[in-house]
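As structure tokens, the structure follows; a few thoughts come after it.
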């Protein structure tokens, strides 16, 4: 297999500050600002690059639009702990926990939205299968 993982993906957002504050507060991501590069939200060995609409970096998607993202993040914490943190930050869990089929097998997931309406799925694999 040539592809072994995800390094980063890009979200186009309405407000860089609002989005970064959300991911830092709700999921504990680290904000990284480097001059001349997109702001990044780092977690583990991955990151999300954040492009503010009207201030995107080249190259980019053909039609970047806030709120068009739909992605899944894997947690090493119990999913009920993640749900509690999400709710404690005033974020509504729209669905879950529900069973899903992930890239590595069965997992349990919750779903919520970020300030732009992107659908964020956070999933937990059975212990020992992450």
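Collect the residues in region 101-130 that are within 13 Å of residue 71 (Cβ to Cβ), touching a strand residue (DSSP E or B) at 6+ places or on another chain (Cβ under 7 Å) and assigned to a loop (DSSP other than H, G, I, E, B), keeping them in residue-number order. Selection gives 114, 116, 118. Within region 47-57, is even one residue out of contact with any helix residue (DSSP H, G or I) (no Cβ under 9 Å at 6 or more places or on another chain), free of Cβ contacts under 8 Å to residues at least 12 places away in the same chain and either assigned to a loop (DSSP other than H, G, I, E, B) or farther than 28 Å from residue 101 by Cβ (or both)? Within region 47-57, one or more residues are out of contact with any helix residue (DSSP H, G or I) (no Cβ under 9 Å at 6 or more places or on another chain), free of Cβ contacts under 8 Å to residues at least 12 places away in the same chain and either assigned to a loop (DSSP other than H, G, I, E, B) or farther than 28 Å from residue 101 by Cβ (or both).
Considering 41, 11, the condition of being touching a strand residue (DSSP E or B) at 6+ places or on another chain (Cβ under 6 Å), surrounded by 14 or more Cβ atoms within 10 Å (Cβ to Cβ), assigned to a strand (DSSP E or B) and in contact (Cβ under 8 Å) with a residue 60 or more places away in the chain is satisfied by 11 alone. Taking region 73-100 as the range and being assigned to a strand (DSSP E or B) and surrounded by fewer than 16 Cβ atoms within 10 Å (Cβ to Cβ) as the test, the residues that pass are 95, 98, 99, 100.
Only residues that are in contact with a strand residue (DSSP E or B) (Cβ under 9 Å, 6 or more places away or on another chain), closer than 19 Å to residue 93 by Cβ and not in a loop (DSSP other than H, G, I, E, B) were counted in region 25-38, giving 2.
Laboratory data are not the source of any read-out in this text; all were calculated from the coordinates shown. As the structure is a computational prediction, the values presented were derived from the model and not from experiment. When we count neighbours, we look across all protein chains shown, and the Cβ atoms used for this are built from the backbone with ideal geometry, even at glycine.
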